[in-house]
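J.: Provided herewith is a single structure, encoded as structure tokens, for subsequent inquiry.
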Amino acid sequence: MTGLTQQLIDLFAALLLLLAFAMLAQRRILSLIHLYTLQGAVLVAAAAVMGYATRQPHLYVSAGVTLALKVFLIPSLLHRVINRLNVRWDLEMLINVPTTLIAGIVLVIFAFYLAAPIAGLAASIARGTLGIALACILLSFMMMITRSKAVPQVIGFLAMENGLFFAATAATYGMPMVVELGIALDVLVGILILGVFMFQIREQFDSLDIRHLEKLKDD
């Protein structure tokens, strides 16, 4: 790997981390979808550069699948969902933004500490980015648990899968294609199920606040 290629991979890893923080602090749902789309585009570029650097043809296929799913198909489905539900308002957060970002910084430090011994055992040339990939996963999980609306929680789940994809690409030059396609199918099916779930919440309670589900236990 040339120095330029290594720098590009490090740049893409840094961009993914910045986008994860931006999603964590974002209060508008349309902007959240746009940030998720940008994450997908960065993953495509990272997979393509990794494929060029390692001469692994399947990484180009992974980049193509990621482009089709995470940059075009899934964002398009999310836009259709929010247009049909008319949910363009600012997102309600269970914790204020400054506190959330501070907690996110703590998670990043923990992720680097946790990934350090694992990265040392990895044979990948991009093993130094494993900590960033784990940090993106933890930040996405935190985004899920700090939002009370169903739509941003779905996006948080999808962002977690982005972190897993980058971790697999950085640490092992990508998972076997059958596994990647299986995960992509699971994510797509999950989106469809959660879409139906959100429509049911909206029809029953005229809101997408998942705290309304507690009423079902009382009935």
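The values are calculated or read from the model by the stated rules, or taken from the named source; none is laboratory data. What you see is a predicted model; the values in this text were computed from it and never measured. Surface accessibility is based on the protein's heavy atoms, side chains included, excluding ligands, DNA and RNA. Shrake-Rupley method; radii C 1.70, N 1.55, O 1.52, S 1.80 Å.
J.: Give a residue-ordered list of calculated ³J(HN,Hα) values for the stretch 59-76 (Karplus: 6.51 cos²θ - 1.76 cosθ + 1.60, θ = phi - 60°; whole Hz; x for Gly, Pro).
T.: Coupling constants for the stretch 59-76: 5, 5, 5, 4, 4, x, 5, 5, 4, 5, 7, 8, 9, 10, 5, 5, x, 5 Hz.
J.: If amide H atoms are built 1.01 Å from N in the plane of the peptide, which residues on other chains or at least 5 residues away come under 5 Å of the amide H of Arg28?
T.: Close amide H contacts, sequence-distant or interchain: Leu91.
J.: OK, next. Pop out the carbon and sulfur fraction of the accessible area of the stretch 1-101 as a percent, whole number, probe 1.4 Å.
T.: 65
J.: Find the accessible area per residue for the stretch 1-60; the probe is 1.4 Å, ligands and nucleic acids are left out, and the unit is Å².
T.: 44
J.: Further, regarding this structure: Near the amide H of Arg147, under 5 Å away, which other amide H atoms are found, from residues 5 or more places off or on another chain, if H is placed in the peptide plane?
T.: Those lying under 5 Å, H to H, from Arg147 are Leu94.
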